[in-house]
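Novice: The structure follows.
The values are calculated or read from the model by the stated rules, or taken from the named source; none is laboratory data. For clarity, every value in this text was computed on a predicted model and none was experimentally measured. Reconstructed Cβ throughout: ideal geometry from the backbone, glycine too, with neighbour counts over all protein chains shown.
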């Protein structure tokens, strides 16, 4: 009985395994300015003899990568490698954000965790994207119920949107926010008026994307802007840290 | 039960079960070191010989392959070169990690580094405990046994035992063969995650210790007194332990980028000048005009988190993996 059981498994798995190859890894984007004001340059790297790299911009047809190219508007890029012996590889993605406005100042009303304070509020308007290392000085990490920031602009600046660049890494107990609420004031000392809010589209679960860019529509003239960001809260059941508070990591606030 | 559902459930239930040969069309590696990956080298059954993380591999004089796993149902698995599991022992090594084999005047012994037991345990090939090496209480380097979490050993020609405390305080602890403390060197100011160590006798006039500083992507060379004499920077390579074979150094690269479970590992081979000549599963190795290695990264997903390599006389490389779906070792076959 045991022998025949293993025999069935052998047959079924060999059928399945024989159809599998080794996939290629993702190509690597090389872009110094993920957040940019006028234009930025993007390169792709995948150093493997015989491999070709293809990329798309905002859903275009795949193009063969030959050399770095420039981007001058907010764009979503995808790229993959292909090799005659390995087929098509995993797809890499990169979102480039054009940023038209930079506040005169940004004030953190909530203290970040001392281990992840980076350069404080300045890290959130420096056009520098955080990397894989949370200690790289570009991520600002919080372990609080909410985070409040206030930005100051020249008087009555037209503001269309506020976008927050936030990390999604459940394995590191880091989850995007539950909600962003934006308030504006048209003058110094004026009352705060609610401008808009954002909540995740699909309940409170996190998608597989590593970086999120939740956006709030404002469409007002502003002198001051206040963001109230509600953290995710306790990690959900099923997570190894269930019940513990999730971390919130931001690397940029984008005003357009 | 529907056939598709049965296949899926059977696949999930038998992770670690490798049956039949599969031809992988592409070769990985570079230069004179290109390989075909054989993921189905092992013929074992996870139902009989379960594994969790597969840590390290050594080969005895008779050609048996010994492997540590932290599954306490069988911490040591023994394979033949055809991938059959011919034996298993060990239920008392919850942190079974490092594994070194030493020929002591014709008798072979294993040295198991167990970071949960905070000890190194010397055994026969059959598993009989001969000796333990305890935490270094003298010298002020450690205040308690729990701070000592050894990951690897290397044995000097005279029988001295060097222990890399890779998960503790990053010291290298030097004992004589009786277990007397001789020296402590390295430490957190010099090593970051001192995960592996090997005796490097390629320069016969200047034998040395090669120690991994994994978090820094570096190998650091120490002379026999424990003085740091060379740093080999290998950006993009989170090196597990160096394995000196002939004129070359082979090692498993757990990941090429954070986080630690990024599944971006590969294998690497250095020549006698400690330059990368092949990186199976990674980009073509290149050096810039200043002699610096261009950062390595995974190009072929041959591995998730390789943890150790074993090179046999034919040049086959056996690769054990950590946190990779409880797979048995793969074999790279030279082409």
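Novice: Please specify each residue of the stretch A:105-148 satisfying the condition of being in a loop (DSSP other than H, G, I, E, B), crowded, with 20+ Cβ neighbours inside 10 Å and without any contact (Cβ under 8 Å) to a residue 60 or more places away in the chain.
Specialist: A:112, A:118, listed by residue number.
Novice: Right, something else. Give just the number: which of (1) under 25 Å from residue B:28 (Cβ atoms); (2) touching a strand residue (DSSP E or B) at 6+ places or on another chain (Cβ under 7 Å) does residue A:96 not satisfy?
Specialist: (1)
Novice: Kindly indicate whether any position in the stretch A:58-65 is crowded, with 19+ Cβ neighbours inside 10 Å and not in a helix (DSSP H, G or I).
Specialist: The first filter runs over the stretch A:58-65 and keeps only residues crowded, with 19+ Cβ neighbours inside 10 Å, leaving A:65.
From the residues that got through so far, the ones that are not in a helix (DSSP H, G or I) too are A:65.
The answer is yes, given that some residue of the stretch A:58-65 is crowded, with 19+ Cβ neighbours inside 10 Å and not in a helix (DSSP H, G or I).
Novice: Here is a further query. Given the structure, is residue B:289 without any contact (Cβ under 8 Å) to a residue 40 or more places away in the chain and either more than 27 Å from residue A:51 (Cβ to Cβ) or at the interface with chain A (Cβ under 9 Å from one of its Cβ atoms) (or both)?
Specialist: Numbers: without any contact (Cβ under 8 Å) to a residue 40 or more places away in the chain: yes; either more than 27 Å from residue A:51 (Cβ to Cβ) or at the interface with chain A (Cβ under 9 Å from one of its Cβ atoms) (or both): no.
Answer is no for this residue.
Novice: Can you tell me which residue is surrounded by the most Cβ atoms within 10 Å (Cβ to Cβ) among those in the stretch B:252-286 that are more than 30 Å from residue A:210 (Cα to Cα) and away from chain A (no Cβ under 13 Å)?
Specialist: Applying the first criterion (more than 30 Å from residue A:210 (Cα to Cα)) to the stretch B:252-286 yields B:269-278.
Checking the rest, the ones that are also away from chain A (no Cβ under 13 Å) come to B:269-275, B:277.
Details: B:269: 25, B:270: 23, B:271: 15, B:272: 12, B:273: 8, B:274: 17, B:275: 14, B:277: 17.
Only one residue tops the list, namely B:269.
Novice: Further question on the same structure: Do we have residue B:189 as out of contact with any helix residue (DSSP H, G or I) (no Cβ under 8 Å at 6 or more places or on another chain) and either within 14 Å of chain A (Cβ to nearest Cβ) or closer than 29 Å to residue B:141 by Cα (or both) here?
Specialist: On the way: out of contact with any helix residue (DSSP H, G or I) (no Cβ under 8 Å at 6 or more places or on another chain): yes; either within 14 Å of chain A (Cβ to nearest Cβ) or closer than 29 Å to residue B:141 by Cα (or both): yes.
Criteria met by residue B:189.
Novice: May I pose another question? Of the conditions (1) more than 11 Å from every other protein chain (Cβ to nearest Cβ); (2) modelled with pLDDT under 95; (3) under 13 Å from residue B:330 (Cα atoms), residue B:12 fails just one. Which one is it?
Specialist: The single condition residue B:12 does not satisfy is (3).
Novice: Same structure again: What number of residues within the stretch A:69-86 are more than 9 Å from chain B (Cβ to nearest Cβ) and assigned to a strand (DSSP E or B)?
Specialist: So the answer is 10.
Novice: Condition test on residue B:295, is it at the interface with chain A (Cβ under 10 Å from one of its Cβ atoms) and at pLDDT 95 or above?
Specialist: It is true that residue B:295 is at the interface with chain A (Cβ under 10 Å from one of its Cβ atoms) and at pLDDT 95 or above.
Novice: For the stretch B:31-78, give me each residue that is within 14 Å of chain A (Cβ to nearest Cβ) and either assigned to a loop (DSSP other than H, G, I, E, B) or in contact with a helix residue (DSSP H, G or I) (Cβ under 8 Å, 6 or more places away or on another chain) (or both).
Specialist: B:31, B:39, B:40, B:41, B:42, B:43, B:44, B:45, B:46, B:47, B:48, B:49
Novice: Given the conditions (1) within 14 Å of another protein chain (Cβ to nearest Cβ); (2) free of Cβ contacts under 8 Å to residues at least 12 places away in the same chain, and given that residue A:32 satisfies all but one, which numbered condition is not satisfied?
Specialist: Every condition holds for residue A:32 apart from (1).
Novice: State whether the residues of the stretch B:148-164 include one that is modelled with pLDDT of 95 or more, surrounded by fewer than 24 Cβ atoms within 10 Å (Cβ to Cβ) and on the phi > 0 side of the Ramachandran plot.
Specialist: Looking through the stretch B:148-164, at least one residue is modelled with pLDDT of 95 or more, surrounded by fewer than 24 Cβ atoms within 10 Å (Cβ to Cβ) and on the phi > 0 side of the Ramachandran plot.
Novice: Looking only at residues in the stretch A:83-96 that are over 18 Å from residue A:60 (Cα atoms) and buried (at least 18 other Cβ atoms within 10 Å of the Cβ), which one is nearest to the chain's Cα centre (by Cα)?
Specialist: A:89
Novice: What about residue B:77, is it without any contact (Cβ under 8 Å) to a residue 40 or more places away in the chain and crowded, with 23+ Cβ neighbours inside 10 Å?
Specialist: Numbers: without any contact (Cβ under 8 Å) to a residue 40 or more places away in the chain: yes; crowded, with 23+ Cβ neighbours inside 10 Å: yes.
For residue B:77, the condition - without any contact (Cβ under 8 Å) to a residue 40 or more places away in the chain and crowded, with 23+ Cβ neighbours inside 10 Å - is met.
Novice: Right, next: How about the stretch A:173-189: which of its residues are within 14 Å of chain B (Cβ to nearest Cβ) and within 17 Å of residue A:129 (Cβ to Cβ)?
Specialist: From the stretch A:173-189, those within 14 Å of chain B (Cβ to nearest Cβ) are A:173-174; that's our starting set.
Correct list: A:174 only.
Novice: Related question: What residue, of A:50, A:21, is free of Cβ contacts under 8 Å to residues at least 60 places away in the same chain, in a loop (DSSP other than H, G, I, E, B), within 14 Å of chain B (Cβ to nearest Cβ) and over 19 Å from the mean Cα position of the chain (by Cα)? Talk me through it step by step, then tell me what you get.
Specialist: Values: A:21 fails: free of Cβ contacts under 8 Å to residues at least 60 places away in the same chain.
Exactly one of A:50, A:21 is free of Cβ contacts under 8 Å to residues at least 60 places away in the same chain, in a loop (DSSP other than H, G, I, E, B), within 14 Å of chain B (Cβ to nearest Cβ) and over 19 Å from the mean Cα position of the chain (by Cα), namely A:50.
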